[in-house]
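Asks: Just dropping this structure here.
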Amino acid sequence: MKIYGRGFLAKNLKKIHVPNNLVIYAAGVSNSNLRNNKEFLREIKLFRKIFKKIHSRKKFVYISSLSVENKSLKNDPYVKNKIKIENILKKECKDYLIIRLPQIVGKNKNKNTLTNSIYNCFVNNSTFKLWKDSKRNLIDIEDINYILEKYFKNLKENNKIINIFNYKSVDVLKLLRVFSNLLNKKINIKVIKKNNR
């Protein structure tokens, strides 16, 4: 078993039991707000390099994003890059599994995650920019580990896409109130009228 990636998700996936016939690709751009095209080109190049090296011998598991299901994000650079990699697998891989995940919650150092950005706003007394009526689908890393370990144990299908998500999305404004209560602090909130992401 081999897991490619050095980020929060990859490190946690290394804790679970994964069958030896799987290769999991959990690397790539971790900031969904990134607009630097060079970083996305670098990700495609790295993916192709690893894919070319091992895809013919193992089942190739690609960790993608549930955001690709959101039609309003079809022109978003982060989402477009995820779709490109998914399409490479669909066209060139004989045995693949694509797993689309929502936003993952857990202790990590990535400042770009929703929960970390909210926490940092409270700590630094910054203004939080809130898209009006925005909701997010969140799932705990421990739940992801549990679900995937169970799924991998009984995995038989080839060339499949699975979506893993919380049955209920959370209103970001309510999430801000939870942080406010937990930290016993208030922050300024700037509401932005923009399409929900």
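Asks: What accessible area per residue comes out for the chain, rounded to a whole number of Å², with a 1.4 Å probe? Before the final figure, lay out the partial values.
Replies: Working: 12390 Å² over 197 residues.
Result: 63 Å² of accessible area for each residue.
Asks: Moving on. Would you mind working out the magnitude of the charge dipole of the chain relative to its Cα centre, with +1 at each Lys and Arg C-beta and -1 at each Asp and Glu C-beta, to the nearest 20 Debye? Working shown, then result.
Replies: Details: 45 positive and 14 negative charges, 116 e Å.
For this selection, approximately 560 debye.
Asks: Could you give the distance between the Cα centres of the range 108-140 and the range 12-88, to the whole Å?
Replies: First find each Cα centre; the distance between them is then 23 Å.
Asks: In the chain, what percent of the accessible surface is made up of carbon and sulfur (1.4 Å probe, ligands and nucleic acids excluded)? Before the final figure, lay out each step's value.
Replies: Numbers: 6040 of 12390 Å².
Within the chain, the accessible surface is 49 percent carbon and sulfur.
Asks: Rounded to two decimals, what is Rg over Rh for the range 22-71 when you use alpha-carbon atoms and the Kirkwood radius?
Replies: On the way: Rg = 12.3 Å, Rh = 12.2 Å.
Looking at the range 22-71, the ratio lands at 1.01.
Asks: What net charge do the residues around Y151 carry, taking every other residue with its C-beta under 14 Å from that of Y151, with Lys and Arg at +1 and Asp and Glu at -1? Walk me through the numbers on the way to the answer.
Replies: Details: positive: K59, R100, K150, K153, K156, K160; negative: D143, E149, E157.
Result for the local shell: +3.
Asks: Gaussian network model of the chain, Cα springs within a sub-10 Å range: biggest mean-square fluctuation belongs to which of Y151, Y78, Y25?
Replies: Y151
Asks: Here is a follow-up. Here are a few candidate values for mean projected area of the Cα convex hull in nm²: [x] 13.7; [y] 13.1; [z] 11.5. Which one was actually calculated from the structure I just gave you?
Replies: The value computed from this structure is option [z].
Asks: So, one more: Using a cut-off of 14 Å between beta-carbons, work out the net charge of the residues near K160 (Lys and Arg +1, Asp and Glu -1, K160 not included). Let's see the in-between values first.
Replies: Details: positive: K59, K90, K94, R100, K156; negative: E86, D95, E157.
Neighbour charge sum, excluding K160 itself: +2.
The values are calculated or read from the model by the stated rules, or taken from the named source; none is laboratory data. Every value quoted in this text rests on a predicted model; they were computed, and no experiment measured them. Glycine gets a Cβ as well: all are built from the backbone with ideal geometry, and neighbour counts include every protein chain shown. Accessible surface areas use protein heavy atoms only, side chains included; no ligands, DNA or RNA. Shrake-Rupley method; radii C 1.70, N 1.55, O 1.52, S 1.80 Å.
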